[in-house]
Each structure stands twice: as structure tokens, then as C-alpha cells.
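The values are calculated or read from the model by the stated rules, or taken from the named source; none is laboratory data. Quantities reported herein were computed from a predicted structural model and do not represent experimental measurements. Cβ placement follows ideal geometry from the backbone for every residue including glycine, while neighbour counts extend to all protein chains displayed.
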Ligand SMILES: Nc1ncnc2c1ncn2[C@@H]1O[C@H](COP(=O)(O)OP(=O)(O)OP(=O)(O)O)[C@@H](O)[C@H]1O
Ligand SMILES: Nc1ncnc2c1ncn2[C@@H]1O[C@H](COP(=O)(O)OP(=O)(O)OP(=O)(O)O)[C@@H](O)[C@H]1O
Ligand SMILES: [Mg+2]
Ligand SMILES: [Mg+2]
């Protein structure tokens, strides 16, 4: 089997721990032995791991970067060393794209847009909502925020964002604390909440329950176990689910093709996101992460 | 001697200084003349050290004027005053433990010394000139207290000073080193350098001081040429009352064996064994660094020493830490007050009560009223000068702090009281009280182990002395009947055991 | 024998480095070959450079009896500034200003720690938090990309070679390594052969004694924080150049890791002991350990455990050998 | 010194709290609404518990960076033990694990003979990494939810969201812990021993104060309180992840110090810590209510913390200035 590496930005993040498992699990199906490396959330460490992987002679690397810009100089070295580079769950911008062979991602901007569309669908006549962001500065947080508020998002709709705050970490209790303060500030004015990740939604739900707020329209992203269960129980209206298994398989396939000399086309592969809502959620199996 | 003729180098006029709750200096005026050794004496807390620290720029004075070498000094810093020619040897040692001897002497003058090589070369010269053999590259932390003191003296000498202040330099010097110091002082004098010499040892004052100032409670009581003071007058002026004897009558009720120590062996000590009897004051005599402190620390469980045997009252006891020592009826006044004795941010009361917490604890709870009583009782009985028992102990003078530590152990009433330099830096009046306490403990059937660098003190207080030289016990003497020089010979390792 | 004992007890970082190297030799096969390849070694050195540069400044503060936990904050702000300022001025000027920002923060730290006598540990921690907030605000929490190849080349370029890695071809020496070496030599000289350096040992050894001895303790100690701030800013600029981006999240791990590396190297937080090369070794040890564990492909969480254990073990040994001498306290 | 000056110096943090509250109340009257007061009470939750434990470590002259790791470990282990051991069993197990983590820290510090804060700083920093890695390895990186459990853990739900009269359960837990710890510290011999240990370890030891016991106690208390904090934390959010404790160590230390407990050891109290935590929480709350952006908030929080520490320090410096 060919040696390849999967480099995650932070394995303490459960979606990435899950993705790593999937890579290791499905690697052999595509003729790969996958080693995983963890940058532990440290941008600089991630560049370092990329170069270490080059030294170790991996034929292909899959990278889920902490910072899509900061990883580029390291990827440049990888390209110089003729290593196949696949972006996982993210995509480089503009000219930087020459330093990767392909990308498979669920497009966080799209995730934000989908969330916005769900919100608009629920409140065609407009509503007041609050937005609670994930870890400030994290790529997914930025993209979801931009997507949600951008042209294909709520821009031009009748939805008003009363308040936006990002958390210091992807920490449920921080989302909860922000929501509690929001409730004090805006009380029953709040009709909906866009929270960047389903585990954060857990905190939002707790805050709403404690304040006796009912019928909040809560939209989250991830579609992990928490989102699935919360949607099913009706606590959360919608979860925009990512499919990391499909993403991992796609990456492995693309790497296999690239090693065989086939150029990926298209280079950027959007892995469709599934919308879990009350009606649809039961059709899907319980996610494994 | 001509004391009035020479020119005034330092003139202090009406200097006052208050600390929260204490008026440390109360309109002090002193003139110091060129080429004179100016002794300053006074009880603990009289304000001596405070005055000196004002001169050197450590503290700021409240009011008054100071003229040094023709220039008025208002607000100075230690740096400025040194470069003006005013050097000081502080009461507490002032060396950086983690640095070498040479670097310490020329601390802050690396450039003037032209680097490391110059530093060590000049330091060697200086140390040689005062007869100190210690290597200049040795770390200060590895030195004995007295060697540190000598280094400190070389440091003061290294400045081209016009005035050198020595705040109790002799507290930890051996006799030999002391005579060296006296020689140095005479040399300095001959060069026209003035010296302010603070000491509680009156022999020294009468030995080589030209003028003596007596201070009490922040006031100057008197300044006269030495010859015009009698010893009794000096003491009376210092304490504001007359003192009959410097030492109390020796206690004489030595009974059966109370404690037996067998075979302490460490890297420094070799098979140290002795017995201690009831009602006895046992003196340990030796040069600084001979191993006296290490011996008592081993007994007290303060160091990790294993393999020796201690029996108290016939029963073997295991002492691996000070707590066990305390429980076995031992008490210790450590030699370094600031580092080993005091909890500086805590109140006088809490410092006194800290060894006897069990005494005012019921079911794990503290009874504050009892604690207050303990504090108040010892402040009163030991005559500790403090506004009240709640002030932080760091605000007391050295001697008063020491009394608090004595009080701490008096509360426990240990049957075996180890005192390592208990009177270091303590005034005559307070010393006498501590002597009486020792005697009282002995007479109540306890025993005292006394370590002191002041030979007269050990010889006058002890019923028996042990000499220690280089980690070995070299003799046992009855100081009442054996002349001091015989004992000293043993302490110097020159044989002559009884 | 005695020397061996001393080596073991006093230079734990060296011992730990030796152990890692031995393990990597013993691992044999591909692992050894990869690990000891010139590419990997050079890359490892290169990757430690920024931490070392930060560590140099921090070492001064630690020797003087302080510490600096604000370096993470300084690093990110000056990193962002170095890029943002390029929009308004020529690059060299922007870089100089970004570094001067660190100097300024260092000056402010010095004011708080030395002039106002606050506890350095907590106050610099606070300043670090403050600066991280400032960085978020400056960048709107977005990574700030640089668009200047010259800027990127500062950290990513090579001298004496073309930077290409192929078998049997000397790639040259990375700019960062050269910058680090220059800084290292300068600091080593500063600490050993200038009165400023010697004064720091005195100040850290005993602040009051140094003061009583006429050393201008305030100015000297203040200076350590100024230097540390400057070096942190330099590190920030170099990091931004290396990653071609500035962002508020780069500093998260830096402050504690650098201070820890300095201590692991043997510069004690008690002040007054240690030195420049000790810190460098301590920080290189971290780089080496990370790299070795990655080459051995140890799973991430076990890596964490191992690294934590190594830190604890070294510091435990350090305290143990120091205290073992005679007494417990 | 006059009385006003005294109050200014000794209760500065309190004054800052009042000032902050006043300004916020004027600009945003909802600040004093019952809902918000309830909010503030709830947000006391885990941080105060961790900070109370940290107070002892700091008063004892040490420091503990391992609480974040302890929280991570206790949270994931406790929640997964609810099914096999039952709620009470899991609760006890969690507290025991936290205490053991603390005891291990103490053991390392004692056996190495470390006596300074700096030594403790990095030893516990290393241990935090170790505990966190154990949490990650144990959980495989997953988050655990209440609804994963066989049945809803109503006791933990109550801890997280329940009320006793007007007070939230977590606030009651805090009050209980505060009372016990305050009594322990100020009224009991072991508490005094801890203060003395922080004041001067050598002197305390030579006076027969059991400093070894103090060291074991302070770290065990810190570990225990971190575990209690972890339990309140995951009960509040109804999920436990192996990184749930991130940042708690710094926030706890800051709160303790901002409250006025000196890092030099010996002096401080749990009541001061309550003030420190209150300030931190109010600050967040006020800035949120005033609509300050999150990024500005962090900058502002950093600034106010620096300011508070500086102010607090001023009084000490002035006290000592001669
Ligand atoms: N830093 C301080 N803060 C408050 N009070 C102080 C301080 N230093 C000294 N004092 C007080 O000032 C008075 C004078 O103390 P000082 O140390 O000058 O006495 P001294 O004559 O040197 O005594 P000793 O012989 O014991 O050394 C004492 O009452 C002491 O308690
Ligand atoms: N390397 C060292 N580091 C710290 N302190 C030391 C060192 N060497 C000696 N000391 C201190 O100096 C003292 C010397 O004690 P030792 O038992 O050797 O001599 P001693 O006879 O008691 O002399 P002294 O009069 O100096 O107390 C000890 O109390 C010890 O604490
Ligand atoms: Mg004095
Ligand atoms: Mg001694």
C-alpha cells in the first residue's frame, strides 16, 4: 500500500477525530496506508508537520488547515517535493490554489448560506435573530458567518440580526453564556438563532429552556449526533449536516487518481450538505460522531 | 585623642523618619569627623539601622538636612551615595548568593573592572589585603556566614570611600577575623577614612571607637569621645536604666541525663555524639562553619539525616522532621531570623503563636481569643516593642523580631531548647532577658543547647561546653573552671581535650 | 563518573536530547534514515527558530527574576501590523514599525512590572490577553494575507543554496536559521560580556542587594522587558513572513511554551541562574521531540502525554537535584 | 491614613464592581432586571468553584495550571460513569478522580522538593497536558451527551439548571463550598497552616507546622474543586467534551489575583476570590449587554484586568513604600 498522511488541524475537535478514523478505515480500499498527524490547533505546528511529512516521503497528504493562508508556504514546499496535496474540508483561495491538487469540502460558506435560506424559509415576513459564532478567527467560523450574512445569505431578506458574537473556543458553555446575555437583552424579541455548530446549539437550547423561551428557531451546522438528536427532539429546528465519510472517500479517490497521473477535474469538489429538519431527519441514520 | 580638631565629613541635622505606627527617628543630629571611628550604640529599635539606611539612600528621610563631604544630600539613591564615597555594610548580609565572590565584590561595576578577568584579579587583591583566602570564583551560597561577612567588608573597601558605615559587622565573625577587622579599621583610619561603627558588643566600642553616640527610641541621647564614657554610664544611657550584671548567675541544678545523641554522620559531621542533662545549659563552641548548626539541625529533623540515634528521657525517639522534634519536646531558634524564623507578612501575634497552634485548636478549629492571649502574654513578658500585636512583624526591629521567635517557643515550653545565635543583633537589655529565660528553662528541669559566636556569652551561660572542630567533637569542658584559652584551642582543633 | 552525574543532573535538556537521538538511531530503518536526513534536520532547526528567537528575549527577563507571558500577544499584533502597514508604506518601514510596536509594549510591561512593582507573571498574562483582543479587533478575527513575495522570502528564503531539496544536493541555509544564529550570538555576548548582562544575574539573584550595590535595577530590569517585547515582535514579523499571513490565533500556544522551554533548559524562574544557550537547548528539545514523535508516527494524544511527561520529568529532576543537597526547604 | 483611603485601597475591586454595575445599569436598564441577576448568578457556575480551589494554592505560595486538564478528565469520565455506577456513584467517582489528580500534583511537588511557585507552575503545566491527553484518549475525542445515557440524569440536570427557591442549584453549591472553605481557611488550624506555608515555608517548617500536609491539602482541594467545577460545567451544558476545561486555569488565576490575593503567598481569602470572579463575570455581562463586539470585549477585558491588578498592586506598594 502507498503511504499517505492526513493532517488535521485539531484532533481534539470531534469532527476531525471522526474524519481521521474514516481515513484510516477506508484508506486500504483505495490502496493507501493512512497515517494521521495532529497540529493541535497550532498554525505553526501544522506547517511544520507538512514539512515533516515531506521528509518522511509520504506520496500524498490531505490537509485540514487551521488557517488556509498560513499553510500555503508549507504546501509550496510539498509541491516542490512533488507530493500530492489534497485540501480536506477547506479550499485555498485564488492563486494559492496552484499549491494543491484537489480539494474536497462541504463549503462552509455554503453552509452559512443554507442556514440563512432555512431561516428565510421559516420567516418569510422577517424575524429578529441572533448569531453566535464559533471560535473567533477559525476558518469555519469566518466562512459560516460570511455565508450567512452575505449575498446568498440573509442579505436583502427581512431577517434582522440583533446581535453577533463569536466564542473564544468552540465551547458549549461560552455559547450558552452569550445566549443567556442575549435573552436578557432582547428577551422575547428573539425569534431565531443561528449558531455555528451543533454542540454550541446544545448550550443555546439550555439557555432558552432555563429562560422559558419556547419556539425559538435554532439553526446549527455540523449534523453530528448532537444536532441529529436535537433536531429529532424538536429542540433545534435545523442542522446543516456535513458528510465527512463522503469527504474522506472523495479525497482518497482523488489521490488515487492523481497518483495514476489523472488530474482532478474539477479540482474543488463540493461535498453536498444535508439538511436535517424535523421532517427529514428520521430518514437518515444516527451519525457516528 | 584629638576628637574635635578634624574636619566634619558628615553632618546630620534634625532628621526624622516615621514608619506606619512608629516614629523611628525623632530629630537626630550627629556629626562625624574625618578619620574617626564613630561608634553608635543603642537598644534594639533605637533607630540605628534606619538612620544608616537613610544615609545610604535606601529610605527617604521625612525632614532634616544631611551634609556629606560639603554637599547637601536631599534624595539620594544607593548608587549615588556609593559614588559620592559613602559605603555601607548592612546589618543583614547583602550578597547575591547565586554569584561568585569576585562578582559580588564588584557588583554593578563589571565595566569598570574591564570584564570578568579584571573582576577576579582585583577581587583577589582586595581579599588578600584583608587576609581572606576564599577563592574568588566560589559561589557565595557555598560560603560560611563569616566568610560572607569578610566578602562584604571587602566590597565596602573596594569603593574609594570617604565614609564607611558598618552596621553590626561583627555578629558572625570569629575572633581571628575580628582582629583582622580591627586591623583594617585602623588602616582605614590612618588613611583619613571615617567609619560609623554600630555594634551591641561594648568591648568593641571601647576597643577602637573614638567617639560614641548613644541612641534610644529614635533620639540621640549623647555623643561623647569614648574616653568620657564609662561602661556603666553607656549601658545606662542605652537602656534608660542601670544593669547590674551582663550575665545572670549560672544555674546549678544539673540532674540526670535528659537526651542522648549518638552518631550523627553527614558529609560534614563525623560521629557526633553527646549527652544533655536536665537543668543544664550546654554550649557548643566552634568556628563559624565548624558544624554546630548542622548538628542541631540534624537533631531537630530539619535536614535529611539518617542513621543517628536520639533518646530522650531514656526512650528512643525518631525525629525526621521539625514537627516530630516539637512533639518530642524540642524547640529551635534558627540562626537566620529573616529566612528561617519569621513569616514577614504576618502579624506579631500570628508569628508568636505559630508553633503552638495545637494549643488553641479545639476539634481542628482555632480559638482566636486564646491566640490573642498568647500573643499579648509574650509581648508583655519579653518586653517586645510594638504598637500592638496585630502589626506585621516585618515592621519590628531585628531584636524585637528575635524576641517574638523566643516567645513562639516559650509558649510551647520545650524541655530541650536549642538556641542558634539567639542574641545575634540583640541589645544588652534584651540579651539579659533572654539569658534569664534560658536559665528559667533549665531550672524548671529542661535543658538548653546554646550556640553563639560570642565566646563570653557561651562561657558565662553554659554549665558545660563542647568544642566542635571540622565536624568532630574535640572536647568537653567545664567553663567555670577551665580557662577560655584552653577551650579556644580545642575549638581551633589544636588538641587539649579534658 | 562524577562528571557524568553532573551532566545528568545539571544539563537535563542535553541528556533528553541525547536520549531522543539514541531512540531515533535505535529505531533504525526508514525512521532513522528520514529523521537524520539533512532535509529533516535542517527543517527541524528551521521550525524551532522563531520560538528560539522569542526565548532569547524571555531568557533575559527570567534571569533578571521576572518573566514575560505577553509575548504571544505581542507576536500576533506585530505580525498583523507588519502586513497591514505595508498597505501604507514601504515594506522595510512597515517591518521596523511592527517591531517597534513590540518595543513599546515591552516598555509598558516594564513600567508595570518594574516601576509599578506588579507581579510579572500575572500582569504580563493580562497584557497578553489584552493584545490578543487588540489583534482580533485589528484583523476582524480574520487571517490577514500578505501579497508581497519579498516579504514571504524573508523567512522562507535560503542563503548559500537554492532551497531545493533533492538527494545529495545541499539546499542552503534557511534565512531564519541565519537570523536566529545572529540573534543567538548577540545575546550570548550580551549576557556574558557586558555589564548589562552581568547586572541581570545580580538583579535576579537578589533584587535588593543589587539595588543596594548601586546597580540601576529599575532601568536594567525594565530593559529586559523592552528587549523581550522587541524580540517577540521580531518573532511575530518573521512568523507572519513564514506563514505569509498574520492572524490573531498564532500566539495561543507561544507564551507558556517559550517560558517553559526556557525553564526546561535550565534558566530558573527563581532568577539569577541560567543562560542563553541553555534556553536554546530547552527550546530545541521541544522541536526535536515534536519532530521525532511525528517521524515515529506516535498518535497525537499519546504525543501530548509524552511531551507533558518529559516536561514534568525534567522539571522534577531539576527541583530534586537542587533540593537534595541538604534540606527540604 | 484616612478612612476613605483605607476603603479605597482595601476594597478597590468592590468599588470597581459597583462602578461597572452602575454605569451599565444606567446605559442598559435591563442590567438590573431579575432575569439578568439570575443570569449572573448562573454564570458564577463552574468558574467560581475552580477559583475557590485555586485560592488555596495561591495562598499556600504555589500555583496550579493543571485544573484545565483535571476538568477535561473529570468531565468525560464522570459522564460515562453515570450509566454503570448510577448518578451518585459517578458524582463521587468524579470528585475522587479530581482529588487524585490534585494529590498527584502534590506528590510530584513534594517528592521533588520543589518549594517555589515557578517550579510548581511548569510541573502543573506539564501535568495539565498529561491529564488532558488522558481525557482525549479515554473519550476518543468524542463529546458525550446526556441523551446518550440510558436515562436522563435528573440529579445532574438539577445541578445544571435547577433552582432552590430563587437561587440556582449551582449557586447554592457555590455558597456551600464558599462557607466551608472560608471556615476552613480562617477558623481551622489546617487553614492557618496553609497560610503560614505560603508566608514562609522554611520558618513554618522549622516551627513544626506541617507544610507537607499543607501542600497535599492545597492541591487536593484544588483538584476536588476543579472536579466539582467540571461537574457543574457539564451539567450546565448537558454535554462533556475532552476539551471542555480549556482556559479555566488562566481565568481562575486571574480571578483570584484580581480579587486581591497576592501571588507571593500567605495573604488572601476566598471572599476576595468571590469578588474577583464577580468582577470577571460582570465585565462579560456588562460588555455583552452594552453590545460591545466580542473582539473589543477581549481587549477591554484584558485592559480592565491589567488595570485591576495594577490598582490592587498599588496599595501594596504604597503600604511598603518608605
Ligand atoms: N521597614 C520598616 N517598616 C516599619 N517600621 C520599621 C521599618 N524598619 C524599622 N522600623 C521601625 O523603626 C524602628 C527603628 O528600627 P531600626 O531597625 O533602625 O533599629 P535598630 O536600632 O537598628 O535596632 P537593632 O539593634 O535591633 O538592629 C523600630 O521600631 C522598627 O520597628
Ligand atoms: N552551601 C550552603 N548553602 C546555604 N547555606 C549554607 C551553605 N553552607 C552553609 N550554609 C549555612 O551556613 C551555616 C553553617 O553551618 P554549619 O553547621 O556548617 O556551621 P556552624 O558551626 O553552625 O557555623 P555558623 O556559625 O556559621 O552557624 C548553616 O546553617 C547553613 O545553613
Ligand atoms: Mg539594626
Ligand atoms: Mg550556625
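Quick rundown of the values:
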| read-out | value |
| --- | --- |
| Total residues in the stretch B:175-199, condition part of a loop (DSSP other than H, G, I, E, B) and either crowded, with 22+ Cβ neighbours inside 10 Å or within 16 Å of ligand 1 (Cβ to nearest atom) (or both) | 2 |
| Tally, over the stretch B:49-68, of residues that are away from ligand 3 (no atom under 16 Å from the Cβ) and more than 12 Å from chain D (Cβ to nearest Cβ) | 6 |
| Filter pass, residue B:30 being within 12 Å of chain C (Cβ to nearest Cβ), surrounded by 16 or more Cβ atoms within 10 Å (Cβ to Cβ) and touching a strand residue (DSSP E or B) at 6+ places or on another chain (Cβ under 6 Å) | no |
| Residue among B:445, B:429, B:399 that alone is within 16 Å of ligand 1 (Cβ to nearest atom), surrounded by fewer than 23 Cβ atoms within 10 Å (Cβ to Cβ) and in the same structural domain as residue B:349 (by TED's automatic domain parsing) | B:429 |
| Residue, surrounded by the fewest Cβ atoms within 10 Å (Cβ to Cβ), within the stretch B:82-92, restricted to residues that are more than 16 Å from ligand 3 (Cβ to nearest atom) and at pLDDT 85 or above | B:85 |
| Unique residue being within 29 Å of residue B:493 (Cβ to Cβ), within 11 Å of chain D (Cβ to nearest Cβ) and surrounded by fewer than 21 Cβ atoms within 10 Å (Cβ to Cβ) when the list is B:327, B:336, B:358 | B:336 |
| Qualifying helices (runs of 4 or more DSSP H) (wholly inside the stretch C:5-98; at least 2 residues being touching a residue at least 24 places away in the same chain (Cβ under 8 Å) and farther than 26 Å from residue C:232 by Cα) | C:12-27, C:29-35, C:38-63 |
| Selection count where residues are touching a residue at least 24 places away in the same chain (Cβ under 8 Å) and surrounded by fewer than 24 Cβ atoms within 10 Å (Cβ to Cβ), scope the stretch C:115-128 | 2 |
| Yes/no for residue C:240 being in contact (Cβ under 8 Å) with a residue 60 or more places away in the chain, in contact with a strand residue (DSSP E or B) (Cβ under 7 Å, 6 or more places away or on another chain) and more than 14 Å from chain D (Cβ to nearest Cβ) | yes |
| Unique match (being in contact with a strand residue (DSSP E or B) (Cβ under 8 Å, 6 or more places away or on another chain), more than 13 Å from every other protein chain (Cβ to nearest Cβ) and within 16 Å of ligand 3 (Cβ to nearest atom)) among B:152, B:168 | B:168 |
| Any hit, the stretch C:232-242, residues being surrounded by fewer than 22 Cβ atoms within 10 Å (Cβ to Cβ) and either touching a helix residue (DSSP H, G or I) at 6+ places or on another chain (Cβ under 8 Å) or under 30 Å from residue C:115 (Cβ atoms) (or both) | no |
| Matching strands (runs of 3 or more DSSP E) fully within the stretch B:71-173 where at least 1 residues are touching a helix residue (DSSP H, G or I) at 6+ places or on another chain (Cβ under 7 Å) | B:86-89, B:163-167 |
| Residue in the stretch A:76-88 that is touching a strand residue (DSSP E or B) at 6+ places or on another chain (Cβ under 9 Å), under 20 Å from residue A:255 (Cβ atoms) and within 14 Å of chain D (Cβ to nearest Cβ) present | no |
| In the stretch B:295-305, residue nearest to ligand 1 (Cβ to nearest atom) [restricted to those that are in contact with a helix residue (DSSP H, G or I) (Cβ under 6 Å, 6 or more places away or on another chain) and more than 8 Å from every other protein chain (Cβ to nearest Cβ)] | B:301 |
| Options B:368, B:338; residue that is modelled with pLDDT under 90, out of contact with any strand residue (DSSP E or B) (no Cβ under 9 Å at 6 or more places or on another chain) and within 16 Å of ligand 4 (Cβ to nearest atom) | B:338 |
| Flag for residue B:418 being within 16 Å of ligand 4 (Cβ to nearest atom), more than 10 Å from chain D (Cβ to nearest Cβ), at pLDDT 90 or above and within 23 Å of the chain's Cα centre (by Cα) | yes |
| Considering residues of the stretch B:270-294 that are assigned to a loop (DSSP other than H, G, I, E, B) and out of contact with any helix residue (DSSP H, G or I) (no Cβ under 6 Å at 6 or more places or on another chain) only, the residue farthest from ligand 1 (Cβ to nearest atom) | B:271 |
| Within the stretch C:261-289, considering residues that are closer than 27 Å to residue D:72 by Cα and surrounded by fewer than 21 Cβ atoms within 10 Å (Cβ to Cβ), the one nearest to the other protein chains (Cβ to nearest Cβ) | C:287 |
| Residue A:276 vs. criteria closer than 28 Å to residue A:149 by Cβ and more than 14 Å from every other protein chain (Cβ to nearest Cβ) | yes |
| Single match in B:280, B:228, B:246 (criterion: without any contact (Cβ under 8 Å) to a residue 60 or more places away in the chain and either over 30 Å from residue D:110 (Cα atoms) or over 26 Å from the mean Cα position of the chain (by Cα) (or both)) | B:228 |
| Output for the stretch A:144-154, where each listed residue is within 11 Å of chain C (Cβ to nearest Cβ) and either part of a strand (DSSP E or B) or crowded, with 24+ Cβ neighbours inside 10 Å (or both) | A:145 |
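Residues are listed down the side, and each one gets a yes or a no for (1) under 19 Å from residue D:47 (Cβ atoms); (2) part of a helix (DSSP H, G or I); (3) more than 13 Å from chain C (Cβ to nearest Cβ); (4) touching a strand residue (DSSP E or B) at 6+ places or on another chain (Cβ under 8 Å):
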| site | (1), (2), (3), (4) |
| --- | --- |
| D:76 | no, yes, no, yes |
| D:80 | no, yes, yes, yes |
| D:128 | yes, yes, no, no |
| D:159 | yes, yes, yes, no |
